[in-house]
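Trainee: Shown below is the structure under consideration.
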Amino acid sequence: MNDARLEPEALRTAMQSVGNWAISEDDTAISRDFRFTDFREAFAFMSECALAAERLDHHPEWSNVYNRVGVSLTTHSSGGISARDIEMAGIMDRAASRFGI
Ligand SMILES: C[C@H](O)[C@H](O)[C@H]1CNC2=NC(N)=NC(=O)C2=N1
């Protein structure tokens, strides 16, 4: 997986493959807020994503309050958004979809 920062054109294209993620104002991260039914579902989602993050060696910056999980993804080595962030975003989208989100 290429950790290079995606150029604006490539980033725009890549963003079409993920749902509901926003690019930060400084173009260094993508973020999404997930809202589940309750804490049990939010934590099940986080557990699944944590294992996927380990496998991918790409870890979300995230926070959880009850049924909400806020996620930010960036690639530190490139100081921006890479294909690895897009891949992790897709994994998280698919995990959330199993909870009807
Ligand atoms: C050494 C190790 O591969 C790096 O520190 C990885 C670990 N997980 C990571 N996660 C994320 N989100 N961005 C990174 O740049 C990153 N780097």
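The values are calculated or read from the model by the stated rules, or taken from the named source; none is laboratory data. Note that the coordinates shown come from a computational prediction; the quantities given were computed from them, not determined experimentally. Don't worry about glycine lacking a Cβ; one is built from the backbone with ideal geometry, like all the others, and counts go over all protein chains shown.
Trainee: Which one is surrounded by the most Cβ atoms within 10 Å (Cβ to Cβ), of the residues in the range 57-82 that are more than 9 Å from the ligand (Cβ to nearest atom) and within 14 Å of residue 24 (Cβ to Cβ)?
Mentor: Looking only at the range 57-82, we keep the residues that are more than 9 Å from the ligand (Cβ to nearest atom), and these are 62-71, 79-81.
In the following step, the residues that additionally are within 14 Å of residue 24 (Cβ to Cβ) were identified as 70-71, 79-81.
Numbers: 70: 15, 71: 22, 79: 12, 80: 20, 81: 25.
So, considering only residues that are more than 9 Å from the ligand (Cβ to nearest atom) and within 14 Å of residue 24 (Cβ to Cβ), the one surrounded by the most Cβ atoms within 10 Å (Cβ to Cβ) is 81.
Trainee: Being more than 22 Å from residue 2 (Cβ to Cβ) and either near the ligand (Cβ under 9 Å from one of its atoms) or touching a residue at least 40 places away in the same chain (Cβ under 8 Å) (or both) is the filter here; which residues of the range 40-56 pass it?
Mentor: Answer for the range 40-56, where residues must be more than 22 Å from residue 2 (Cβ to Cβ) and either near the ligand (Cβ under 9 Å from one of its atoms) or touching a residue at least 40 places away in the same chain (Cβ under 8 Å) (or both): 41, 44, 45, 48.
Trainee: Please name all residue pairs, on different chains or six or more residues apart, with Cβ atoms under 8 Å, provided the first residue is in the range 1-19 and is within 8 Å of residue 83 (Cβ to Cβ) and more than 13 Å from the ligand (Cβ to nearest atom) and the second residue is hydrophobic (A, V, I, L, M, F, W, C) and assigned to a loop (DSSP other than H, G, I, E, B).
Mentor: 6/81; 14/6
Trainee: Follow-up question, since we're still on this one. Could you say which residue among 100, 90 is more than 13 Å from the chain's Cα centre (by Cα) and at pLDDT 95 or above?
Mentor: 100
Trainee: Pull up the range 20-39, narrow it to residues that are in contact (Cβ under 8 Å) with a residue 60 or more places away in the chain and among the aromatic types (Phe, Trp, Tyr), then point me to the one that is farthest from residue 101 (Cα to Cα).
Mentor: 21
Trainee: Please count how many residues of the range 22-32 are over 21 Å from residue 2 (Cα atoms) and either surrounded by 13 or more Cβ atoms within 10 Å (Cβ to Cβ) or near the ligand (Cβ under 10 Å from one of its atoms) (or both).
Mentor: So the count comes out to 1.
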